[in-house]
1. Would you mind finding the one in SER223, SER242, SER237 that is surrounded by 17 or more Cβ atoms within 10 Å (Cβ to Cβ) and out of contact with any Ser or Thr (no Cβ under 9 Å at 6 or more places or on another chain)?
2. Among (1) of a type in the set (A, V, I, L, M, F, W, C); (2) over 21 Å from ASN136 (Cβ atoms); (3) open to solvent by less than 40 Å² (accessible area, probe 1.4 Å); (4) modelled with pLDDT of 90 or more, which single condition is VAL216 missing?
3. Any residue in the range 294-319 that is within 22 Å of ASP204 (Cα to Cα) and open to solvent by 30 Å² or more (accessible area, probe 1.4 Å) sitting within a Cβ distance under 7 Å of a residue that is within 11 Å of the ligand (Cβ to nearest atom) and in a helix (DSSP H, G or I)? List the pairs, counting only those 6 or more apart or interchain.
4. Look at THR508 and say whether it is β-branched (Val, Ile, Thr), within 20 Å of ARG353 (Cβ to Cβ) and open to solvent by less than 30 Å² (accessible area, probe 1.4 Å).
5. Out of all the residues in the range 364-380, which are crowded, with 22+ Cβ neighbours inside 10 Å and in a strand (DSSP E or B)?
6. Among what's in the range 179-210 and is among the polar types (S, T, N, Q), modelled with pLDDT of 95 or more and more than 20 Å from HIS238 (Cα to Cα), pick the residue that is most open to solvent (accessible area, probe 1.4 Å).
7. Within the range 1-44, can you find the residues that are among the charged types (D, E, K, R), touching a residue at least 60 places away in the same chain (Cβ under 8 Å) and either farther than 22 Å from PHE373 by Cβ or open to solvent by less than 50 Å² (accessible area, probe 1.4 Å) (or both)?
8. Can you spot a residue in the range 467-478 that is more than 24 Å from ILE359 (Cβ to Cβ) and surrounded by 22 or more Cβ atoms within 10 Å (Cβ to Cβ)?
Amino acid sequence: RKSVTIYRSTKGGNEKWDLPQAPGPIALPVIGSLHLLGKCESPFQSFTELAKTYGDIFSIKLGSSQCLVVNNLDLIREVLNQNGKFFSGRPDFLRFHQLFDGDRNNSLALCDWSNLQLRRRNLARRHCGPKQHTDNFAQIGSVATFEAVELIQTLKQITRSSSSPVNLKPLLMSTAMNMFSNYMCNIRFDDTDPEFRKIVDYFDDIFWEINQGYAVDFLPFLSPFYKKHMKKLSNWSHEIRSFILSRIVEQREMNLDTEGPERDFLDGLLRVLHDDPSVDRNTIIFMLEDFLGGHSSVGNLVMLCLTAVARDPEVGRRIRAEIDAVTKGKRSVTLTDRPSMPYTEATILEVLRYSSSPIVPHVATENAAVSGFGVEKGTIVFINNYELNTSTKYWNEPEKFDPTRFLERSKVRVRRNSLCDSGMESDGERNGPIDKSREVEKEVISVKKNIPHFLPFSIGKRTCIGQTMVTTMSFVMFANIMQEFDIAAAKVEDLRQKPACAALPRDTYPLYLLPRK
Ligand code: HEM
């Protein structure tokens with residue numbers, strides 16, 4: 001095994017260590033151990049299998065790329081938290097460049113770490129990761145309800161005219177896109193607008209694409225065979241960019257108000273461009289494209305939530321009981337209902353666990369140490385969160401879909417006469433001084449706040465910026481569909497989901513939507 005030399009400046013002066021690389025399978029010429037990943041349906045399943053032989057941290061050569069795989073929570077924390085600054089690069093896959101005008105550093109998720117990335121993350125956070133009880137958070141809620149109600153009208157029309165299963169996914173995708181564009185840019189599009197439909201489909205294709213692994217990622221000499229594929233990727237992203245420019249950005253640029261209050265994310269971006277000559281217009285356009293593209297993950301997630309209901313009617317029954325208790329059938333579900341609907345929220349978390357979206361690989365930006373092993377600069381690090389999501393070390397019956405694993409009972413003190421319709425205690429406001437003698441202890445069910453091994457949005461420097469948008473918008477869309485329709489599948493066996501993947505192909509199974517009485 002090769003040894004890796006690590007230099008660090010410490011208080012006591014400069015230190016130097018020579019550490020061996022982690023053990024792993026012997027690499028074959030040219031392909032390395034790429035063939036070993038083909039043994040399971042997902043490479044992450046193969047990593048879990050290989051860990052049984054080589055341990056929770058192992059080296060593996062994929063093509064010519066030196067890789068490291070970490071398979072347990074402590075190691076994952078060591079890489080992403082304790083040593084985050086040494087592991088903040090991203091792999092140099094050709095496909096990543098194709099999707100971002102020839103340079104993956106245009107992308108927030110696929111770029112290497114830099115000061116520009118830090119600035120972009122900070123800029124995005126205010127609008128795309130607002131804290132609860134802020135105006136932006138409330139704005140997400142109202143936009144999400146508006147778009148969900150539009151979707152329900154469309155679905156009612158479809159189900160009135162036909163009782164066939166509905167090709168639901170494209171409708172979820174355009175609703176999610178309108179949620180994003182309405183919130184970030186104050187603009188929405190008609191679902192029948194052919195240009196809009198086309199770019200929503202392209203975004204969905206890209207989301208699927210990013211979730212796949214290809215041999216060419218590790219064997220770049222195969223690229224001549226992928227020419228057509230790469231051209232397709234590049235074409236999708238060009239079409240998306242010209243739509244965003246012509247239909248969203250250019251109009252706003254003409255009427256940009258640099259004095260009044262900032263209306264939305266787009267205003268924020270364009271003002272930075274206006275005020276800071278060091279910021280490039282392309283940076284702003286790519287950021288917007290990246291964040292608008294986040295809608296695909298929401299559409300796919302809602303489709304997976306509905307799939308879970310189609311597989312197990314009991315899940316749907318419990319969600320509807322919460323919806324009916326909160327709304328009494330008199331209004332739509334809103335984001336403010338979420339604290340009173342823990343089972344519904346837990347269903348979304350369970351879908352995230354069950355589908356186990358992979359963490360984008362990291363890359364060592366200098367020689368570093370993990371668990372006493374040396375990791376050479378340039379090593380691609382795979383974080384096996386599939387293992388975290390599916391191992392019996394962390395979950396009871398992990399193969400079972402069970403939202404209640406995310407719920408807990410706790411005791412709170414409430415006013416004796418505060419009757420909560422749902423039977424769940426909401427964040428109910430108190431008016432006037434608190435009279436302790438009129439309080440009683442009540443058992444409530446809520447979503448567990450912190451499960452250390454549940455990391456769907458990762459941890460550390462490069463953690464997901466979109467998690468608030470995902471969890472809020474998917475809740476509103478999913479709950480409103482559930483309020484109006486029973487969900488079923490023609491054949492449950494058709495509801496195929498790839499392991500370690502939160503994406504479904506663009507053309508996927510239809511679902512029955514049966515209007516509720
Ligand atoms: C189901 C939905 C989603 C899941 C499960 C998810 C999960 C993740 C994960 C695991 C990472 C990688 C973190 C790492 O490398 O350690 C990531 C990165 C990222 N996500 Fe998400 N994400 C979702 C949706 C979104 C949305 C909707 C947006 C934007 C609105 C978004 C924006 C980002 C960005 C910008 C990064 C890159 C951050 C960086 O590399 O500095 N994500 N996400």
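1. The conditions single out SER237.
2. Going through (1) of a type in the set (A, V, I, L, M, F, W, C); (2) over 21 Å from ASN136 (Cβ atoms); (3) open to solvent by less than 40 Å² (accessible area, probe 1.4 Å); (4) modelled with pLDDT of 90 or more one by one, VAL216 breaks only (4).
3. SER297/PHE207; SER297/VAL470
4. no
5. To start, the set of residues in the range 364-380 that are crowded, with 22+ Cβ neighbours inside 10 Å comprises 364, 368, 370, 374-375, 379-380.
Within the range 364-380, ALA368, VAL370, GLY374, VAL375, ILE380 qualify.
6. Going residue by residue through the range 179-210, those that are among the polar types (S, T, N, Q) are 181-182, 186, 192.
The next check asks that each one be modelled with pLDDT of 95 or more; those that pass are 181-182, 186.
Keeping just the survivors that are more than 20 Å from HIS238 (Cα to Cα) gives 182, 186.
Values: ASN182: 25, ASN186: 79 Å².
Applying the filter and picking the extreme gives ASN186.
7. Residue satisfying the conditions is GLU41 alone.
8. Keep residues of the range 467-478 that are more than 24 Å from ILE359 (Cβ to Cβ), which gives 476-477.
Filter again for surrounded by 22 or more Cβ atoms within 10 Å (Cβ to Cβ), leaving 476-477.
So far as the range 467-478 goes, yes, one or more of its residues are more than 24 Å from ILE359 (Cβ to Cβ) and surrounded by 22 or more Cβ atoms within 10 Å (Cβ to Cβ).
The values are calculated or read from the model by the stated rules, or taken from the named source; none is laboratory data. Quick caveat, the model's predicted, so the values are computed rather than measured. Glycine gets a Cβ as well: all are built from the backbone with ideal geometry, and neighbour counts include every protein chain shown. Note: areas computed on protein heavy atoms with side chains; ligands, DNA, RNA excluded. Shrake-Rupley method; radii C 1.70, N 1.55, O 1.52, S 1.80 Å.
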